[in-house]
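Working notes, structure below.
Just so you know, all these numbers are worked out from the coordinates, no wet-lab data involved. This one's a predicted model, so the numbers in the text were calculated from it and none came from an experiment. Methodologically, a virtual Cβ is constructed for each residue, glycine included, from the backbone with ideal geometry; neighbour enumeration extends over all protein chains shown.
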Amino acid sequence: MGAPTTSSPSDDWLVTMKIKSIFKWTLRGVLVALVIAGIAIFIAYWRSTNDCEHYTGTPNNPMKAVVHCEYGTPDVLQVKDIEKPTPDDTQILVRVRAASLNPLDGHFVRGMLLARMMGGGLRKPKDARIGVDYAGVVEAVGKNVTQFKVGDEVFGARTGSLAQYICAKADRAACLKPSAMTFEEGATIGVAASTALQGLRDHGHLQPDKKL
């Protein structure tokens with residue numbers, strides 16, 4: 001067997017210098033990435049705005065809606081006259097008969113960090129309208145809508161439900177309301193009841209005769 005090889009002091013020194021060089025450039029790369037990310041967030045923050053300027057004039061076809069142009073306490077909520085929406089080819093126009101609030105609505109009004117990072121807007125609320133769950137009566141339908149007709153009672157989930165009217169996608173944001181269900185009951189299903197059902201059935205695996 002041959003004699004074991006040993007590294008010379010110069011080899012150790014070269015390895016040490018390489019490790020230091022790699023660490024130095026890695027650290028520099030991380031710092032540069034953080035600076036770029038910080039600049040991007042700063043620019044996004046100050047460019048964050050909403051469409052509240054559209055609510056300052058007199059609408060041609062007004063309806064009342066709850067809006068919030070700034071983050072803060074419930075005092076930032078206002079009832080304003082805004083333009084009544086017009087459904088596109090895939091939407092229905094619903095006259096809202098009942099709407100409900102969820103905890104998430106409060107998070108967006110207060111501007112909690114998670115809500116802002118979810119697309120709510122960094123400096124100002126991106127969407128000034130609030131509310132999601134609704135129930136009401138179809139007042140108009142888009143030309144491609146076949147599953148609903150004027151006069152149908154519906155419920156569903158659509159941002160901006162705290163208003164007299166909303167436009168909702170016919171294939172994903174509205175369902176026919178059973179006649180035995182009140183509008184108030186229908187207005188609790190979209191987010192709140194669906195979340196409760198997912199928690200109890202899908203995650204809690206609730207079975208008959210179980211207690212909770």
Just tell me which lysines come within less than 17 Å, Cα to Cα, of K177; anything on the same chain fewer than 8 places away is out.
K149, K169
Return the label of the correct value of Rg and Dmax of the Cα atoms in Å, as calculated from the structure shown, out of (1) 18.1, 58; (2) 24.0, 73; (3) 27.5, 97.
(3)
Would you please give the residues with an amide H less than 5 Å from that of D152, counting only those at least 5 places away or on a separate chain, with H modeled from the backbone geometry?
V138
Which far-off residues, 5 or more places away or on another chain, put their amide H under 5 Å from the one on A98, with H placed in the peptide plane?
A135
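At 0.36 nm per residue, and after removing the present C-alpha to C-alpha distance, how many nm does the segment from L27 to T56 gain when stretched out fully? Before the final figure, lay out the partial values.
Details: separation 29, 0.36 × 29 = 10.44 nm, distance 4.97 nm.
So the chain would gain 5.5 nm between L27 and T56.
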From the phi angles alone, apply the Karplus equation (6.51, -1.76, 1.60; θ = phi - 60°) to the range 169-179 and give each ³J(HN,Hα) in whole Hz, x where the residue is Gly or Pro.
5, 5, 8, 8, 10, 8, 9, 5, 8, x, 5
How large is ³J(HN,Hα), in whole Hz, for each residue of the range 80-94 in order, when computed from phi with the Karplus curve 6.51 cos²θ - 1.76 cosθ + 1.60 and θ = phi - 60°, using x for Gly and Pro?
10, 8, 10, 5, 5, x, 10, x, 7, 5, 10, 10, 10, 9, 10
Taking the dipole of the chain about the Cα centre (Lys, Arg +1; Asp, Glu -1; charges at Cβ), the one of V66, V150, A187 that reaches farthest to the positive side is V66
Under 21 Å from the Cα of K124 - lysines, other chains or at least 8 residues apart
K80
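May I ask you to compute the full-extension gain from K143 to E185, defined as 0.36 nm times their residue separation minus their alpha-carbon distance, rounded to one decimal in nm? Don't skip to the answer; put the middle values down first.
On the way: separation 42, 0.36 × 42 = 15.12 nm, distance 2.94 nm.
Once the chain is fully extended between K143 and E185, it gains 12.2 nm.
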Under the Karplus curve 6.51 cos²θ - 1.76 cosθ + 1.60, θ = phi - 60°, whole-Hz ³J(HN,Hα) for the range 180-188, x wherever Gly or Pro sits
6, 9, 7, 5, 5, 5, x, 6, 9
Cysteines in the chain lacking a second Cys C-beta under 4.7 Å
C167, C175
Report the charge-dipole magnitude of the chain in Debye, nearest 20, computed about the Cα centre from +1 at each Lys and Arg Cβ and -1 at each Asp and Glu Cβ.
480
Theoretical gain in end-to-end length, Q164 to K126 [0.36 nm per residue, Cα-Cα removed]
11.6 nm
